[in-house]
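Report on the structure given below.
The values are calculated or read from the model by the stated rules, or taken from the named source; none is laboratory data. The structure displayed is predicted, hence computed values, not measured ones. Glycine also receives a Cβ, built like all others from the backbone with ideal geometry; neighbour counts cover every protein chain displayed. Areas reflect the complete protein model, heavy atoms only, side chains present, ligands, DNA and RNA absent. Shrake-Rupley method; radii C 1.70, N 1.55, O 1.52, S 1.80 Å.
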Amino acid sequence: LSSENDTLIQRAIAVSECNQAIDLALLGQFEHAYQLQQQSHDTFVALNETSCAVNTAMNLADLDYMQGYYGSALQRYYSARDALLQSNIDDPLVLAELKLWMAKCLVKLNKLPEASQLADEAITIHRRLHPSLQTSNALREYATILIAAHTFHHALLILDEAWHLFHSSGLDYYA
């Protein structure tokens, strides 16, 4: 690879580290996964690869969430969202995903009104996009947050909407 551009090589290594970190997390090797994910993130930031840096920041937040570090995960999700917005990356699905994960952290931290608001914002984004499996799953997550917030009637309406989306898309297994 010595004939390749140094930046291209660094990027390829960072992508490999990111992928290896995901695999290690699945194997329960969180400390090593975290280290590799952080290295990958730092490389992407240094290379000004904003989209990849946001992705690895989300992966780091996911690692915190998986281990029950909800405050740290929430902080990382907020940072990833801010980086996404500041860089003017127009990716509504990523923004919706970030908002939903932030809401899930807020539920764990017993901040239910804020969680409901963020989840509602995520669903609004999903509804503007083409209905999909992702939208249906987001609706299910939103209903779970509404149940935690004791807004059962609204949760039932959202679950009904998810069921109809699953069913009309031929995803009866999920319905």
Report summary line: Measure of exposure for SER168: accessible area at 1.4 Å probe, Å² rounded to 10, is 90 Å²
Report summary line: Given Cβ charges of +1 for Lys and Arg and -1 for Asp and Glu, the option among GLY71, LEU100, VAL45 whose Cα lies farthest towards the positive end of the dipole of segment 41-175 is GLY71
Query raised in the report: For TYR174 and SER87, FRET efficiency with R0 = 25 Å and r from the beta-carbon atoms, rounded to 0.05?
Result: 0.15
Query raised in the report: Can you give the extra length, in nm with one decimal, that the chain gains between GLN29 and PHE152 once fully stretched, where that is 0.36 nm per residue apart less the Cα-Cα distance?
Result: 40.5 nm
**Report entry** Solvent exposure ordering (accessible area, 1.4 Å, most first) of ILE123, ILE147
**Finding:** ILE147, ILE123
Query raised in the report: If you take the beta carbon distance between SER16 and THR124 as r and set R0 to 41 Å, what does 1/(1 + (r/R0)^6) give as a FRET efficiency, to the nearest 0.05?
Result: 0.65
**Report entry** Which of LYS104, LYS111 is most accessible, then next, and so on - probe 1.4 Å
**Finding:** LYS111, LYS104
Query raised in the report: Gap in Å between the Cα centre of segment 158-174 and the Cα centre of segment 131-152?
Result: 12 Å
**Report entry** Protein accessible area in the chain, 1.4 Å probe - carbon and sulfur %
**Finding:** 54 percent
